[in-house]
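Visitor: Let me give you the structure first, and then I'll get to my questions.
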Amino acid sequence: RPTLAFEDVRFGYEEDREILHGLSFEVPAGAHVAIVGPSGAGKSTIGRLLFRFYDPWAGRITIDGQDIAQVTQESLRAAIGIVPQDSVLFNDTIGYNIAYGRDCATRDDVIAAARDAAILPFIERLPEGFDTEVGERGLKLSGGEKQRVAIARTLVKDPPILLLDEATSALDSRTEQAILATLRRVSEHRTTLAIAHRLSTIADADRILVLEQGRLAESGTHRELLAGR
Ligand code: ADP
Ligand code: ADP
């Protein structure tokens, strides 16, 4: 399990408008760190930098001390699994959607990932199981089911680092609680960075960082942050 670190990262989308003003934080190996903050604070930007959609103006992002700018896209994608807010599924089978992006995924891998994402019983109830078509012409999945298929797709790569990017923000609160329980379980042994705009969804993080206008305003455990308010 690797350690993930942002070291004095400066970045902006436009030349004269810096969005992250020297951001530093560490997610120790196997730890869970969450970032909360108001809309526009720069939370999503952190994810985009992590996947190198953009590179920092200054500073470094490291995995076990190695600058991600020195790592191939391939190994970066193998190292980091993302669970985004609105997962896009293909108009194809459930099995294809889970195996997608991992050519070597065997049927056993797909089944194991579906089990980890707590969707296996649901799939087994379908007459065509993993071969059930989803999307426009196939079965309509609920938001929660879609998100579970997406989680299985991420888990099939067995990534040592997980980025949960508003992973439950689009769900109703009951579905959200169920998905959060699954995410807690599957992230247990992984270095995890969770991005959220509500404190309640990340209550069990080892450490919570509050991002405001591209700077860390405060940090602490959930209890410490609530006590300080
Ligand atoms: P958050 O995820 O915390 O809501 P973002 O990281 O999405 O915040 O955005 C941080 C700031 O960067 C905002 O002021 C936003 O307007 C700006 N921003 C985001 N994406 C772009 C972009 N592609 N081009 C220019 N500005 C952007
Ligand atoms: P792979 O690229 O190894 O097949 P995935 O199936 O997880 O892995 O593909 C997701 C890739 O797409 C990520 O590696 C990331 O680069 C990008 N990606 C997908 N959704 C998002 C998102 N919401 N934010 C940032 N990056 C994303």
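The values are calculated or read from the model by the stated rules, or taken from the named source; none is laboratory data. The structure displayed is predicted, hence computed values, not measured ones. Heads up, the Cβs are rebuilt from the backbone with ideal geometry, glycines too, and the neighbour counts pull from every protein chain shown. Heavy atoms of the whole protein, side chains included, go into the accessibility calculation; ligands, DNA and RNA do not. Shrake-Rupley method; radii C 1.70, N 1.55, O 1.52, S 1.80 Å.
Visitor: What is the magnitude of the charge dipole of the chain about its Cα centre, with +1 placed on the Cβ of each Lys and Arg, -1 on the Cβ of each Asp and Glu, and no other charges, expressed in debye to the nearest 20?
Guide: Here the chain has a charge dipole of around 460 debye.
Visitor: Under a point spin-label approximation (7 Å from Cα along Cα-to-Cβ), what is the S142-E128 distance to one decimal in nm?
Guide: 2.2
Visitor: If each of D103 and R185 carries a label point 7 Å out from its Cα toward its Cβ, how far apart are those two points in nm?
Guide: 3.3
Visitor: Determine the shape class of the stretch 40-109: with a ≥ b ≥ c the square roots of the Cα gyration tensor eigenvalues, call it rounded for a/c under 1.5, and otherwise prolate if a/b is greater than b/c, oblate otherwise.
Guide: Here the stretch 40-109 falls in the oblate category.
Visitor: Using a 1.4 Å probe, what is the accessible area per residue for the stretch 95-229, in Å²?
Guide: 53
Visitor: Could I ask something else about it? For the stretch 1-120, I need the span (max minus min coordinate) of the C-alpha atoms along each principal axis, in Å, sorted largest to smallest.
Guide: 48, 29, 25
Visitor: Give the residue from A31, A203, T106 lying farthest towards the positive end of the charge dipole for the chain; charges sit on Cβ (+1 for Lys and Arg, -1 for Asp and Glu) and the dipole is referred to the Cα centre.
Guide: The listed residue farthest towards the positive side: A203.
Visitor: From Cα pairs below 8 angstrom and at least 6 apart in sequence, can you work out the relative contact order of the chain, rounded to a whole percent?
Guide: Across the chain, relative contact order equals 30 percent.
Visitor: Let me ask something else. For the chain, which whole percent of the accessible surface, found with a 1.4 angstrom probe, sits on carbon and sulfur atoms?
Guide: Heavy-atom surface of the chain belonging to carbon and sulfur, 1.4 Å probe: 46 percent.
Visitor: Provide the gained length on full extension for the span A178 to E212, in nm with one decimal, where the gain is 0.36 nm per separating residue minus the Cα-Cα distance.
Guide: 9.3 nm
Visitor: Please compute the modelled spin-label separation between L226 and A170, points set 7 Å along Cα→Cβ, answer in nm with one decimal.
Guide: 2.9
Visitor: Using heavy-atom solvent-accessible surface (probe 1.4 Å) with all chains present, what is the largest-first order of F90, F122, F11, F53?
Guide: Putting F90, F122, F11, F53 in descending order of accessible area: F53, F90, F122, F11.
Visitor: Same structure, new question: At a Cα cut-off below 18 Å, give the aspartates and glutamates reachable from K140, other chains included and same-chain residues fewer than 8 away excluded.
Guide: Here the aspartates and glutamates satisfying the reach criterion relative to K140 are D86, D92, E124, E128, D131, D172.
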